[in-house]
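First the structure, in the form of structure tokens, and then the observations on it.
The values are calculated or read from the model by the stated rules, or taken from the named source; none is laboratory data. Everything numeric here is computed off the predicted structure, so don't read it as measured data. Ideal geometry is used to build each Cβ from the backbone, glycine not excepted, and the neighbour counts take in all protein chains shown. Note: areas computed on protein heavy atoms with side chains; ligands, DNA, RNA excluded. Shrake-Rupley method; radii C 1.70, N 1.55, O 1.52, S 1.80 Å.
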Amino acid sequence: MTRMLRTALALAALLAAPLAAADKPAGPGEVTTVSVISTPGFAELVVAVDGTVEVRDFVLREPDRVVIDITGATLRRTGAAYDGVTRAGIRDVRYSQFRPDVVRIAITLDGPRDYTVEQANGAVRVRFGTDRTFLAWSNTSPRELTAPASAPADRPEVMVPAPQPAAAAAPVQAPRITVTWDHASIGDVIAGFASFSGRTIVLGKDVKGEVTAEIKNQPWTEAFAAVLASQGLQAIELPGGIIRVDSPIALAALDSLEPLTTRMVPINYASAGQLAPSVKSILTKRGNVVSDTTTNSLIITETRSRIGEVQDFVRNLDVRTPQISIQAKLIFVDRTNTEALGIKYDLGADDGPFFNRFVHRVDPATGDPLDSDFNIAGDGVAAVANAEALIQAPALSLIWATSIGGFRFTSFVDALQGIELADVQAEPSITTVDNREALIRVGEDVPVRIVDFGSQGGGGGGSQAQASVQFKETGIQLKVTPHVTNNRQILMRIDAERSDIRLLSAVDLGFTIRKQNAKNQLLVADGETAVIGGLTVTEVTKTRSGVPLLSQLPLVGGLFGYSNTQEHRRDLIILITPRIIDAGGE
């Protein structure tokens, strides 16, 4: 009788426990609580906010983190730190007053994950897709309890007792209770939770036990999970919101006995074949998924209780992706400056030894041209200074001759100044969808003759080398893979290359391919122009020859030699402007 009275009093206290009064906001925006809860098919980080705020999110790597900045808000209380339990990939949650008007929340994940951010009904929700339930956490709780160690090995995080109200009507924080049990029946305790929460909770037929515990001002979901964990029980939420409580073995057997159902889910934007591996990863051992390429659909087989969650998961994957227009400008300037000056001298007698390399002399006796290189007769002198210094295609050729005694002295002056300029500009434009590589190529396929000298036979047949023609791609090539971030910035992976072919001067010696390329990754705003490559190569070649000693004299040394200066300059600039032309939709 005493035990029944105690149980009745406990139930009365449970049903009559008032909600904890929330403090009034002290400013235009205030963050009151931070929680991690489990909803069907998702894990949610819920931030309760009073007032009007702005939300901004971004992703960091190594380790993978999702950062939420709530602007125009202050942190009401510091609360409890995260307990370190991994919940559906969430490894850690940290929150602080980052600036006087900004509260920053950093979510550390076990790897890259897709997520969505929603702001409605006084809460900011960061949602991650998952097929596992878990014990909820809140910064207002002094500590958290994990699932019992007796959970089946094939369900490392499933069946954790944290049922939540329906997402559309769920409050940011579950109602709090204060209650004490003294050897109360587990059936009476579960009935009290059902009455307090308004949820339908079904207890397994073989569940027995007594509960002795005291709960002080805790959310009912966390108190419910703690009580089940103390009894070695787990809970799952069935379709329609019914919560079933039973032992882990009984719940695992329920999955194996539940009938399977098959549904065809049409895919609108993505490829069914690409989505199939992701969908298969969340199915149970009895589930299966097959992609139909004809209708671009997924044929999903799963238990009746989970088929709806799987369909919701597929709909979250099959979203319309943004489109990006990429306008590029590639500028390549090739400039060559040449300056050459050469002075040569010729000295010879009309009727004696001479060279006719520069001046074709004639026979004094007959007047006929002399075509011999030199003629040895009598006493005479013949000489040529700086004879091998030649300027190809000079712009100026000056010849000056005079008679010195019985000799003729001739000087030759060649000068050249040339500029070769090649200015190549290309402005390609292309449109691609998010996370898809776009290729822009402006060039040509150059046929190149390839000679295989190894095909020559070593015998006496006299076989010749075999020649073939291959086509080599040259020109300007640009590969861009864009990604639109949640704050409408564009992350691009870029591979730009400019190439051309130069054949070697010697016959059948092949060719060389000159390349200038740049690979990088950058983040730009919508419509912002970025310079992804600026490369300048300058080659200066100087050549000088002349008469020994005389060409080294100061001031006048240039009159006895030959000089050539060549400067080759190549500039490559690549400009890219991405624009979001389709922001996509749910």
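Considering only protein heavy atoms, with the full assembly of protein chains and a 1.4 angstrom probe, order Met264, Met492 by accessible area, largest first.
So, going from the largest accessible area down, we get Met264, Met492.
Just grab the label-to-label distance for Asp445 and Glu427, each label 7 Å out from Cα along the Cβ direction, in nm (one decimal).
The answer from the label model is 3.0 nm.
Note down the nm distance, to one decimal, between modelled labels 7 Å out along Cα→Cβ at Ser297 and at Lys205.
With each label placed 7 Å out from Cα toward Cβ, I get 3.9 nm.
As a quick test, which of the pairs Lys329/Lys519; Lys208/Lys285; Lys329/Lys515 have an alpha carbon distance above 22 angstrom in this structure? Numbers along the way, then the final one.
On the way: Lys329/Lys519 16 Å; Lys208/Lys285 30 Å; Lys329/Lys515 18 Å.
Correct reply: Lys208/Lys285.
If you find the alpha carbon centre of region 273-318 and of region 388-445, how far apart are they in angstrom?
A separation of 65 Å, based on Cα centres.
Using θ = phi - 60° and the Karplus form 6.51 cos²θ - 1.76 cosθ + 1.60, what ³J(HN,Hα) does each residue of region 218-235 get, whole Hz, x for Gly and Pro?
Values, residue by residue: 10, x, 5, 5, 6, 5, 4, 5, 5, 5, 5, 5, 5, 9, x, 10, 9, 9 Hz.
Assign one of three labels to region 230-349, namely rounded, prolate or oblate, based on the Cα gyration tensor with a ≥ b ≥ c the square roots of its eigenvalues; rounded applies when a/c is under 1.5, prolate when it is not and a/b is larger than b/c, and oblate otherwise.
Values: a/c = 4.95, a/b = 3.74, b/c = 1.32.
Cα axes put region 230-349 in the prolate bin.
Once phi is turned into ³J(HN,Hα) by the Karplus curve 6.51 cos²θ - 1.76 cosθ + 1.60 with θ = phi - 60°, what whole-Hz value does each residue of region 306-323 show in order, with x for glycine and proline?
Those phi angles translate into 10, 5, x, 5, 5, 5, 4, 4, 5, 4, 5, 7, 8, 10, 6, 8, x, 10 Hz.
In terms of modelled amide H atoms, which long-range or inter-chain residues lie less than 5 Å from the amide H of Gly29?
For Gly29, whose amide H was placed from the backbone, the distant partners under 5 Å are Thr74.
Quick check: with the 1.4 Å probe, what order do Asp434, Asp92, Asp312 take by accessible area, largest first?
Sorted descending by solvent-accessible area, the residues read Asp312, Asp92, Asp434.
Which of the listed residues, Gly557, Val537, Gln477, is farthest toward the dipole's positive end in region 468-573, when Lys, Arg count +1 and Asp, Glu count -1 at the beta-carbon?
Gly557
So who's got an amide H within less than 5 Å of the one on Ser138, skipping anything under 5 residues away but keeping other chains? H placed 1.01 Å off N, in plane.
Close amide H contacts, sequence-distant or interchain: Val36.
Once phi is turned into ³J(HN,Hα) by the Karplus curve 6.51 cos²θ - 1.76 cosθ + 1.60 with θ = phi - 60°, what whole-Hz value does each residue of region 85-97 show in order, with x for glycine and proline?
Working through the residues one at a time gives 7, 7, 10, 6, x, 7, 9, 7, 9, 10, 9, 6, 7 Hz.
Would you mind calculating the relative contact order of region 213-306 from Cα pairs under 8 angstrom and at least 6 residues apart, reporting the percent as a whole number?
Computed over region 213-306, the figure is 25 percent.
Taking amide H atoms as placed 1.01 Å from N in the peptide plane, list the residues 5 or more away in sequence, or in a different chain, whose amide H sits under 5 Å from that of Thr180.
Those qualifying (amide H under 5 Å, at least 5 residues apart or on another chain) are Ile215.
Ignoring everything but the protein chains, give the 1.4 Å probe accessible area of Ser403 in square angstrom, nearest 10.
About 80 Å², rounded to the nearest 10.
All other residues with a Cβ under 11 Å from the Cβ of Val93 taken together, and with Lys, Arg as +1 and Asp, Glu as -1, what is their net charge?
Every neighbour counted, the sum reads +2.
Reachable lysines from Lys344, Cα under 26 Å, same-chain residues fewer than 8 places away excluded?
Lys344 reaches Lys542.
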